[in-house]
Structure formats: C-alpha cells, structure tokens
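See below for the structure under consideration.
The values are calculated or read from the model by the stated rules, or taken from the named source; none is laboratory data. Please read all numbers here as calculations on a predicted model, not as lab measurements. Cβ placement follows ideal geometry from the backbone for every residue including glycine, while neighbour counts extend to all protein chains displayed. The accessibility values were calculated without ligands, DNA or RNA, using every heavy atom of the protein model including side chains. Shrake-Rupley method; radii C 1.70, N 1.55, O 1.52, S 1.80 Å.
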Amino acid sequence: MYDLNQIRQFLKIVECGTMLKAADELNMTQPGLSRSMRRLEDELSVPLFVRSANSITLNENGKKAAELFADFYKTAIDIQKELSDFAKSQKTIRVLSPSPTLFAELKRRLAISNPNQNVITELSRYDEMVRELREEKCQLIQVSVPVSGDDVYNAVFDEESLYLLLPESHRFATRKNGIMLSELDGETVLALPETGYWNGVAKKLIPHSHFIFQKERTDFEVLLSASTLPTFVTDAMLSQYGSFQNRVAIPLLDDYLNLTVYCCCLKKNREFFEQFFALASGL
C-alpha cells in the first residue's frame, strides 16, 4: 500500500514540473525517485506518467491523482498535527492566571500531585480564562471570583495580601502595623509586572500617584536598590524571595487588598486534579 511519503514525492514532482528538480528538493537521487513512483503506480494499478527517453509528464490519470492526492495529503497532515497536539495535551497542564505571583506555588503543588505532566503557565484576563477553560484550551485557571455554572469546579487555592515595600528612610517605614493605601496617594510608585492585578487595583485607590512600570525584573531590582521609591509586593513574593535589602514590608490594611484566590477546572476533570485540590485546601 502506498504511503504518505510517496504521495509527498508525487506532489513535489507536480509542483516542480520535472523529476530532476523534484529529486533535488527532496534530497533524493533521480533514479530513487523514479523507482518510488513506479511502485506508486504498481500499488494503484494505474499509470500516472507518460515517459520518454528525456522527459516524464503526467498523463490524464496523473492529473486526476494530483487533484485527489493534494486534498488527501492536506487532510492527512492535519490529522497528524491534531493527533500530535492532542497527545501533547494529555501530558501538559496549561494554567491561566491574571497574575504570576502564585505560579511558583502552583507549580510546586502540581509537581507533587501530577508529577508526570508538563506545566505551562500564562497570563490572561478573567473573561478569556473562563472562555478557554470551557473550550478545554486550558486545564486550570486562577481567579479572584469563583466561576459560576454547574460545569466548573471552584476551590480555594490561597489567600494573598498586598504590602508596601519601603526604604528604611521612608516616612511610613515605622508603621509596622500597617497603613491605608490612600495615605500614599500622590507619591511616585515603582511597579513590577509580577503584581499586575494589584497594580490595577492600586491605581484606582491612589489615582494621583504616578506608576513607573518595569517589565524586566533585573531592571526593577537595579532601580529598587538605587531609589527611594515605594513599591508593592505580595505575601507570596515575600515568601518566595525573602527579605529585600534596606527595605521594610508594611501591610496595607484596605479590605480590597486582601484577596482569596480560587483554582478552577471543569467538573469532569475534577478527579484528575483530586490530589492537587487536596494540597490546595491543606489536606
């Protein structure tokens, strides 16, 4: 029975117009390609070419085969890709979140609960995360508001709070018990994309402040060590990175700045993530 490789070779001859050029592009010898095409004709029990001493051209059968094989080959390649992508998806857990601050903890728990899976984490907005979860383009999402609907399972993943990271000389550095964010309104703030969700919340609470955003963490750390600008960190970041030199972390007391984070999956996949959710709930 003929195979996809023979069909690819046949279509390359059709594309190039000559056996010699097709063989060159296929990295084959012309005699080898010619033998392959004779086998294809034998397997189809139909001649496809008109051969002469110095040339080979398609006959009417060959022209019809070119039409049929073009559609067949494209379909076969699409099937191969879809199957390959599906196989990879069975070994990959794709997680979407509005903020990367909890990615490290999430990966740690998944490494325990699903050790044979690759984990891909990506940033996304709430509505896009919910849509992709329901379309089964991702397996888990992290949200601050539980997803409604009987098809989605929600579980508390963690609690997250926002802190001000201040130089020791800052006027609020001695307020160990915390401050209201509004007290900072009007000051310039250094912002890191890792606190992306919180940056949006903070901008609403201190509308007169100017935010300097740094996309690269290395640039952020250089500015942080060289400036006296306040910045935001979460308790997750403090746990992950430890203390920051010559900086103190001051709790923010606004209710808006204490967040419950939920992890969600489709209910039909809950059993697959059973151990992960047990870890997430502290069991």
Problem set entry | Inter-probe distance in nm under a simple model that places probes 7 Å from Cα toward Cβ, at Thr57 and Arg39 | 2.8 nm
Problem set entry | FRET efficiency estimate (nearest 0.05) - Cβ-Cβ, Thr29 to Glu67, R0 41 angstrom | 0.90
Exercise. Of the cross-linked pairs Lys107/Lys137; Lys107/Lys215; Lys107/Lys203; Lys74/Lys267; Lys107/Lys204, which ones have a Cα-Cα span greater than 26 Å in the structure shown?
Worked result: Lys107/Lys203; Lys74/Lys267; Lys107/Lys204
Problem set entry | Surface share of carbon and sulfur [accessible, 1.4 angstrom probe, percent] for segment 45-132 | 57 percent
Exercise. Stretched out fully, how many nm does the piece from Arg108 to Arg8 gain, at 0.36 nm a residue minus the Cα gap?
Worked result: 31.5 nm
Seminar exercise, completed: With every protein chain kept in place and a 1.4 Å probe, the chain has an accessible area per residue in Å² of 57 Å²
For this session: Starting at the first residue of segment 19-27, write each ³J(HN,Hα) from the Karplus equation 6.51 cos²θ - 1.76 cosθ + 1.60 with θ = phi - 60°, in whole Hz, x for Gly and Pro.
Result: 5, 5, 5, 5, 4, 5, 6, 8, 6
Exercise. How much length is gained on full extension from Glu271 to Ser144, taking 0.36 nm per residue of separation minus their Cα-Cα distance?
Worked result: 43.5 nm
For this session: Collect residues whose amide H, placed 1.01 Å from N in the peptide plane, falls under 5 Å from the amide H of Phe49; neighbours closer than 5 in sequence don't count.
Result: Asn59
Exercise. What percent does the relative contact order of segment 158-269 come to when contacts are Cα pairs within less than 8 Å and at least six residues apart?
Worked result: 50 percent
Exercise. How are the C-alpha pair distances of segment 1-91 spread across 5 Å bins, as whole percents from the shortest bin up?
Worked result: 3, 13, 23, 23, 16, 8, 6, 4, 2, 1, 0
For this session: Pairs of Cα atoms under 8 Å, at least six residues apart: use those to get the relative contact order of the chain, whole percent.
Result: 21 percent
Problem set entry | Rg and Dmax [Cα atoms of segment 129-238; Å; Rg one decimal, Dmax integer] | 17.1, 52
Seminar exercise, completed: Cα-based Rg and Dmax for segment 58-135, in Å, come out at 20.7, 65
Problem set entry | Euclidean distance of C-alpha centroids, segment 170-224 and segment 12-47, integer Å | 67 Å
Seminar exercise, completed: Simple spin-label estimate for Val156/Thr174, 7 Å along Cα→Cβ, in nm, reads 3.7 nm
Seminar exercise, completed: Under the Karplus relation with 6.51, -1.76 and 1.60 and θ = phi - 60°, whole-Hz ³J(HN,Hα) for segment 33-42, x at Gly and Pro, equal 5, 5, 5, 4, 5, 5, 5, 4, 4, 5
Problem set entry | Simple spin-label estimate for Leu123 and Thr92 in nanometres, 7 Å along Cα-Cβ | 2.1 nm
For this session: Grab the beta carbon distance between Glu82 and Glu15, set R0 = 25 Å, and tell me the FRET efficiency rounded to 0.05.
Result: 0.55
Problem set entry | Choice from Leu252, Leu190, Leu11 with maximal GNM fluctuation in the chain (Cα, 10 Å cutoff) | Leu11
For this session: Show that you can apply the helix-only estimate: for the chain, add -39,500 (n - 2.57) for every DSSP H stretch of four or more residues, divide by all residues, and state [θ] at 222 nm to the nearest 500.
Result: -13000 deg cm²/dmol
Seminar exercise, completed: So for segment 142-207, using the alpha carbon gyration tensor with a ≥ b ≥ c as root eigenvalues (a/c under 1.5 gives rounded; past that, a/b versus b/c decides prolate or oblate), I'd call it prolate
Exercise. At a 1.4 Å probe, what is the % contribution of carbon and sulfur to the accessible area of segment 164-269?
Worked result: 51 percent
Seminar exercise, completed: Accessible-area order for Glu128, Glu160, largest to smallest, probe 1.4 angstrom, reads Glu128, Glu160
Seminar exercise, completed: What one gets for the chain as the Kirkwood radius, inverse of mean 1/r over different Cα pairs in Å, is 23.9 Å
Problem set entry | Extension gain (nm, one decimal) between Thr260 and Thr228, 0.36 nm per residue minus Cα-Cα | 8.5 nm
For this session: Would you please give the residues with an amide H less than 5 Å from that of Thr92, counting only those at least 5 places away or on a separate chain, with H modeled from the backbone geometry?
Result: Asn118
